[in-house]
Structures are given as structure tokens and as C-alpha cells.
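Okay, structure first, notes after.
The values are calculated or read from the model by the stated rules, or taken from the named source; none is laboratory data. Remember, predicted model here, so these are calculated numbers, not experimental data. Cβ coordinates were reconstructed from backbone atoms using ideal geometry, including for glycine residues, and neighbour counts include every protein chain displayed.
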Amino acid sequence: MATQSELIAHVTRLGNVVRSAHLKRALTSVDPNPTLNFWRLIYGNLLDVAVLEWCKLFGADSEPTHWKRVVRDEDGFRRGLLAALGIDQKKWANYWEEMKVYRDALVAHHAGSPNVSRYPDLGLALESCYFYYAYVIAELRALGEARFPDDLKEYGARFAAQARVIGERALASTAGFQERVS
């Protein structure tokens, strides 16, 4: 069984993925194509953090924070994850590869010429995080840890709603700025 500090590290990473993904989505819903480099950099960084943190949890088995280091029944967890996502192993493998290629080519390693044809969609990343969080939070509750939300999806929805309101005001406050650094 994982230690309390290991479980907390996983909860922290799961929260990082969810907040970064929801903030990127909120800002994009307000202005999908901002003209200021300031906002473009923030949008890109949010995507990069979400992918990087997700890969620490679901990427290579060698990651010290990979889910296999916490979950006792790997086969049962994998079956539950795929069922919760409504996909099969092949679709999961394709998604995993897309996330890993993006991370390797553009975020973590910058190996050679990037071979990324599109930016990853974070939908399955979010749903996989919600599923994994339910497992981890149950383990933490069994240890008496009660400071984290019970439901990451519900927390993410509240965070997203707040992020949208803040994003609307923040983007509006810079609407009159002209890009001066190209």
C-alpha cells in the first residue's frame, strides 16, 4: 500500500491536471484566439502543464508517480478506467501515445523536429484523472486524511465556473492592448 505522502503527491498532481485543463478551457471559451502573446503563452503553458502532469500519472511505468505504484489491483483498475472512459484498450493506447508524443516533442525533451500534427484534447485526461482520484481519495480517507475534496469532477466544475468569470474579466481588461512584441 502506498504511504500517505505518496497518495497526497498523486492527489496534488491530479489537481494540477484538472485545474490546468479547466483554466485553459475557460480562457479558450472566452477568447479562442487571443492576439496578445501574453495570453497565447498562458494558454500554451496550461496545456503543457496538464499534459506533463498527466504523463507523470499515466505515462511511463517508470515514473515515480505512475498509478501502478499506488494501485494494488492493476488489471481491475485498468478495466474500471476503460469502462469509466467508455473506450477500449486500443483507443486508450492511441490516446496515451498522442499525449506522450506531445510531451516528448514539445514539452519535456524537444527531441529533434516536433512530429505533432495537432494539440491533444484533454477530455480523456480529465476523465481518467477523475477516475483515479476516486481511488486515491478512498485510500486517503481510510488513513484519516480529510482535507481534500471528495469528488474531483465536482471540484473541477466549480473551479471551471470560477475560472470562466475571472477569465472574462482578465481578457476584457487587456482587450485594448496592442501587441508590441512580435
| field | the stretch 65-84, subset touching a residue at least 40 places away in the same chain (Cβ under 8 Å) and among the small types (Gly, Ala, Ser), residue surrounded by the fewest Cβ atoms within 10 Å (Cβ to Cβ) | value | 84
| If you check every pair at least six apart or on different chains, which have Cβ atoms under 6 Å apart with a residue in the stretch 1-22 that is among the polar types (S, T, N, Q) first and a residue that is part of a helix (DSSP H, G or I) second? | 16/53; 20/46; 20/49; 20/50
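Residue 124: surrounded by 18 or more Cβ atoms within 10 Å (Cβ to Cβ) and either of a type outside the set (Lys, Arg) or modelled with pLDDT of 95 or more (or both), yes or no? Before the answer, list the steps.
Numbers: surrounded by 18 or more Cβ atoms within 10 Å (Cβ to Cβ): yes; either of a type outside the set (Lys, Arg) or modelled with pLDDT of 95 or more (or both): yes.
It is true that residue 124 is surrounded by 18 or more Cβ atoms within 10 Å (Cβ to Cβ) and either of a type outside the set (Lys, Arg) or modelled with pLDDT of 95 or more (or both).
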| message | Checking the condition crowded, with 16+ Cβ neighbours inside 10 Å, outside any loop (DSSP other than H, G, I, E, B) and touching a residue at least 24 places away in the same chain (Cβ under 8 Å), which residue from 98, 53 passes? | response | 53
| field | Condition met for residue 2 (closer than 23 Å to residue 151 by Cβ and among the hydrophobic types (A, V, I, L, M, F, W, C)) | value | yes
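Inspect the stretch 161-171 for any residue being among the β-branched types (Val, Ile, Thr), in a loop (DSSP other than H, G, I, E, B), on the phi < 0 side of the Ramachandran plot and modelled with pLDDT of 95 or more and give the result as yes or no. Even if it seems obvious, please write down each step before you answer.
First pass over the stretch 161-171, keeping only residues among the β-branched types (Val, Ile, Thr): 165-166.
So of that shortlist, the ones also in a loop (DSSP other than H, G, I, E, B) come out as none.
Scanning the stretch 161-171, I find no residue that is among the β-branched types (Val, Ile, Thr), in a loop (DSSP other than H, G, I, E, B), on the phi < 0 side of the Ramachandran plot and modelled with pLDDT of 95 or more, so the answer is no.
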